[in-house]
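**Q** Submitted below is the structure of interest, expressed as structure tokens.
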Amino acid sequence: MSTDRRFDASFREQQLARFRVSVLKQAKWRELSRAAGATNNLRALDVGTENGVIGLLFREHGGQWTSADAAPESVRAIGRTLGEPVTELHGARLPFPDASFDLIIIADLLEHVEDDRGLLAEVARCLAVGGRAILNVPRLKPWGLLRPVRRALGLTDEWHGHLHAGYDERSLRSMLPPTLRLTGTRSYVRFFSYALDTALNVAAVRATRAAGADEGRPVSAAVRRMYPAMRAFAALDALLPFTNGYMLVATVERTPFPTMS
């Protein structure tokens, strides 16, 4: 089922303003766009892409795009940003015909779906042979220094709505259906970026309790002033080039025949 295509220019600008002051959203976009490469002339699906902002950025790079999400409120928000129909997903099923897409972007959704293996099987079904899927997921990092800190602050998997704690290259490879082949992984969001994310999430929880959630609120002047400092702090991740990040981008390819790799 698709929503209507009501476009809200003010809402779009507010979402873009949030993107411009978020080093983490920008990092996600860099990693996804890097993994996707050129999208001209591709039939593409984006799922779970920041209230439509990342979907909007992908559209600016070309291709024939379709958007979808599992949460009704996200479906509405994406529709307001894009001004296009947005498909609401139910469970692991992708309501599209076989071989519908050359590229599928799954951002921050796999860990929210109980039947994550089933969703990957649906990705394989909906990809054309030779097509690729880009998966953005939490990296399985049980011994990460910030994990216990986040749990103590209430930023648990349950709080995030995660039904799965995360994935690594080995676990993803073991979950893939026979016609999907893992071709590469890359982690990002290292210690300093994740510490920043922790602080921002705690602040967001307090602000929501005080004023209620409102994705349409303008970005405050204080956040805009803090942005250069946040960007500089997150850039300290460059001091940790050999550590694994807390987020993982994986690329898988649809093969013509079942493969064991």
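**Q** For a quick check of your reading of the model, give me the residue pairs whose first member lies in the stretch 169-181 and is open to solvent by 30 Å² or more (accessible area, probe 1.4 Å), whose second is small (Gly, Ala, Ser) and in a loop (DSSP other than H, G, I, E, B), with beta-carbon atoms closer than 6 Å and at least 6 apart or on different chains.
**A** Arg181/Ser261
This table checks each residue for (1) touching a helix residue (DSSP H, G or I) at 6+ places or on another chain (Cβ under 9 Å); (2) free of Cβ contacts under 8 Å to residues at least 40 places away in the same chain; (3) among the small types (Gly, Ala, Ser); (4) closer than 23 Å to Ala235 by Cα.
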residue: Ala9; (1), (2), (3), (4): no, yes, yes, no
residue: Arg18; (1), (2), (3), (4): yes, no, no, yes
residue: Leu24; (1), (2), (3), (4): yes, no, no, yes
residue: Trp29; (1), (2), (3), (4): yes, yes, no, yes
residue: Ser33; (1), (2), (3), (4): yes, yes, yes, yes
residue: Asn40; (1), (2), (3), (4): no, yes, no, no
residue: Asp46; (1), (2), (3), (4): yes, no, no, no
residue: Glu50; (1), (2), (3), (4): yes, no, no, yes
residue: Glu60; (1), (2), (3), (4): no, yes, no, no
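**Q** Continuing with the same structure: Find the residue count for the stretch 6-34, including only residues that are within 13 Å of the chain's Cα centre (by Cα) and of a type outside the set (Asp, Glu).
**A** Count: 9.
**Q** Restricting the search to the stretch 71-102, which residues are in contact (Cβ under 8 Å) with a residue 24 or more places away in the chain, open to solvent by 40 Å² or more (accessible area, probe 1.4 Å) and closer than 25 Å to Gln26 by Cβ?
**A** Scanning the stretch 71-102 gives Arg76, Arg80, Glu84.
**Q** Hey, does the stretch 216-234 have a residue that's within 19 Å of Gln15 (Cβ to Cβ), at pLDDT below 90, within 23 Å of the chain's Cα centre (by Cα) and surrounded by 14 or more Cβ atoms within 10 Å (Cβ to Cβ)?
**A** For the stretch 216-234, residues within 19 Å of Gln15 (Cβ to Cβ), at pLDDT below 90, within 23 Å of the chain's Cα centre (by Cα) and surrounded by 14 or more Cβ atoms within 10 Å (Cβ to Cβ): present.
**Q** Based on what the data block shows, is Leu196 surrounded by 14 or more Cβ atoms within 10 Å (Cβ to Cβ) and within 21 Å of Met230 (Cα to Cα)? Let's see the steps before the verdict.
**A** Values: surrounded by 14 or more Cβ atoms within 10 Å (Cβ to Cβ): yes; within 21 Å of Met230 (Cα to Cα): yes.
So Leu196 passes the test.
**Q** Need the failing condition index for Leu127 against (1) closer than 17 Å to Leu248 by Cα; (2) open to solvent by less than 30 Å² (accessible area, probe 1.4 Å), just the number.
**A** Tallying (1) closer than 17 Å to Leu248 by Cα; (2) open to solvent by less than 30 Å² (accessible area, probe 1.4 Å), Leu127 fails exactly one: (1).
**Q** Just a yes or no: is a residue in the stretch 21-32 open to solvent by 40 Å² or more (accessible area, probe 1.4 Å), closer than 30 Å to Pro228 by Cβ and of a type outside the set (Asp, Glu)?
**A** Within the stretch 21-32, the subset open to solvent by 40 Å² or more (accessible area, probe 1.4 Å) is 25, 30.
Remaining after also requiring closer than 30 Å to Pro228 by Cβ: 25, 30.
Narrowing further to those that are of a type outside the set (Asp, Glu): 25, 30.
Scanning the stretch 21-32, I find at least one residue that is open to solvent by 40 Å² or more (accessible area, probe 1.4 Å), closer than 30 Å to Pro228 by Cβ and of a type outside the set (Asp, Glu), so the answer is yes.
**Q** Turning to a different aspect of this structure: Return the total of residues in the stretch 33-55 being within 27 Å of Arg224 (Cβ to Cβ), open to solvent by 20 Å² or more (accessible area, probe 1.4 Å) and at pLDDT 95 or above. Spell out how you get there, then give the answer.
**A** From the stretch 33-55, those within 27 Å of Arg224 (Cβ to Cβ) are 33-34, 48-55; that's our starting set.
Of the ones still in play, those that are also open to solvent by 20 Å² or more (accessible area, probe 1.4 Å) are 33-34, 50-51.
Then keep just the ones that are at pLDDT 95 or above; that gives 33-34.
Number of matching residues: 2.
**Q** Hey, another quick one. Given (1) under 18 Å from Leu109 (Cα atoms); (2) at pLDDT below 95; (3) open to solvent by less than 30 Å² (accessible area, probe 1.4 Å); (4) not polar (S, T, N, Q), identify the lone condition not met by Gly245.
**A** Every condition holds for Gly245 apart from (1).
The values are calculated or read from the model by the stated rules, or taken from the named source; none is laboratory data. What you are looking at is a predicted structure, and each value in this text was computed from that prediction instead of being measured. Note: ideal-geometry Cβ built from the backbone for every residue, glycine included; neighbour counts use all protein chains shown. These area figures cover heavy atoms from the full protein model, side chains too; ligands, DNA and RNA do not enter into them. Shrake-Rupley method; radii C 1.70, N 1.55, O 1.52, S 1.80 Å.
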